[in-house]
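Visitor: One structure coming up, written as structure tokens, with questions to follow.
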Amino acid sequence: MTILHIFCLMLLLFQQQPPRPTQPTDPMPPPNLDYFVGTWEFDWNVPESPLGPAGKLKGTESYKKILSGQVYESEIKGEGPDGPFQGRAITSYDEKEKLVTRYEILSFGLSALKTGSIGGDLGGYYTIFWESVPIKKNGHVIKLKGKTQMLSPAHYRLLTEISVDGGPYASLGNPWFRKQDAKPRQ
């Protein structure tokens, strides 16, 4: 082996060394909501509420980026206790304020504006902590709040709570979303 070969081999080995471990003082990398781009399947067991009867909601939500920055549109298609439903949502992220905003309209008469902060850790796990503005439906005032937990490239989870007419918050279910086009690890 020549000196040049040894030098190239050593350079290659040094480039493959893992970076240093993260430190508590390292800044959190900014979230990228391109995470959601693609089609996600969901299953959601919901209790009876002013929003509708108890039962299973099952369907898909397909996200696409629509503007520069982090603005996304999604199309929702599903089946629930009252039959098929559809919807659309616009989701945006303000990086400076670390604020996520989502406006959704569903064909069974629900429209909701949800806003909240996003936080994360150095491992790349992010959570959106959101609340809705009050929703009027069937003579009731409804507030929703929850967390969207971005847990892996192929799964995220909603933890959703509902308050009716100013009462205490109760679980509205915790659906899993699974990415349809996620590639299995080899």
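Visitor: Based on what the data block shows, is Gln70 at pLDDT below 95 and out of contact with any Asp or Glu (no Cβ under 6 Å at 6 or more places or on another chain)? Before you say what the answer is, go through the steps one by one.
Guide: Numbers: at pLDDT below 95: yes; out of contact with any Asp or Glu (no Cβ under 6 Å at 6 or more places or on another chain): yes.
Considered against the rule, which asks whether it is at pLDDT below 95 and out of contact with any Asp or Glu (no Cβ under 6 Å at 6 or more places or on another chain), Gln70 comes out as yes.
Visitor: Condition first: surrounded by 15 or more Cβ atoms within 10 Å (Cβ to Cβ) and at positive phi. Now tell me which residues in region 90-115 satisfy that.
Guide: Matches in region 90-115: Lys98 only.
Visitor: Take region 149-163 and flag every residue that is at pLDDT 95 or above and assigned to a loop (DSSP other than H, G, I, E, B).
Guide: Scanning region 149-163 gives no hits.
Visitor: Then there is this: Return the only residue of Gly146, Gly87, Gly166 being more than 12 Å from the chain's Cα centre (by Cα), surrounded by 16 or more Cβ atoms within 10 Å (Cβ to Cβ) and either in a strand (DSSP E or B) or modelled with pLDDT of 95 or more (or both).
Guide: Selected residue: Gly87, the only one of Gly146, Gly87, Gly166 that is more than 12 Å from the chain's Cα centre (by Cα), surrounded by 16 or more Cβ atoms within 10 Å (Cβ to Cβ) and either in a strand (DSSP E or B) or modelled with pLDDT of 95 or more (or both).
Visitor: How many residues, within region 93-108, are over 30 Å from Glu48 (Cα atoms) and either assigned to a strand (DSSP E or B) or among the hydroxyl-bearing types (Ser, Thr, Tyr) (or both)?
Guide: So in region 93-108, the residues over 30 Å from Glu48 (Cα atoms) come out as 93-99.
When the remaining residues are screened for being either assigned to a strand (DSSP E or B) or among the hydroxyl-bearing types (Ser, Thr, Tyr) (or both), the result is 93-94, 99.
Within region 93-108, residues that are over 30 Å from Glu48 (Cα atoms) and either assigned to a strand (DSSP E or B) or among the hydroxyl-bearing types (Ser, Thr, Tyr) (or both) number 3.
Visitor: Tell me the residue from Lys64, Lys58 that is part of a strand (DSSP E or B), among the charged types (D, E, K, R) and surrounded by 14 or more Cβ atoms within 10 Å (Cβ to Cβ), please.
Guide: Exactly one residue qualifies, and that residue is Lys58.
Visitor: So the check is Cβ under 8 Å with 6+ separation or different chains; which pairs have a first residue in region 66-90 that's under 14 Å from Thr39 (Cα atoms) and a second one that's outside any strand (DSSP E or B) and modelled with pLDDT of 95 or more?
Guide: Qualifying pairs under 8 Å: Tyr72/Phe36; Tyr72/Val37; Ser74/Phe36.
Visitor: Would you check if Asp34 is in a helix (DSSP H, G or I) and not hydroxyl-bearing (Ser, Thr, Tyr)?
Guide: On the way: in a helix (DSSP H, G or I): yes; not hydroxyl-bearing (Ser, Thr, Tyr): yes.
Criteria met by Asp34.
Visitor: Among the numbered criteria (1) under 26 Å from Pro27 (Cα atoms); (2) surrounded by fewer than 16 Cβ atoms within 10 Å (Cβ to Cβ), which one does Tyr126 miss?
Guide: All conditions are met except number (2).
The values are calculated or read from the model by the stated rules, or taken from the named source; none is laboratory data. Given the structure is predicted, the values throughout are model-derived calculations rather than measurements. Here Cβ is always computed from backbone atoms with ideal geometry, including for glycine, and neighbour counts include all displayed protein chains.
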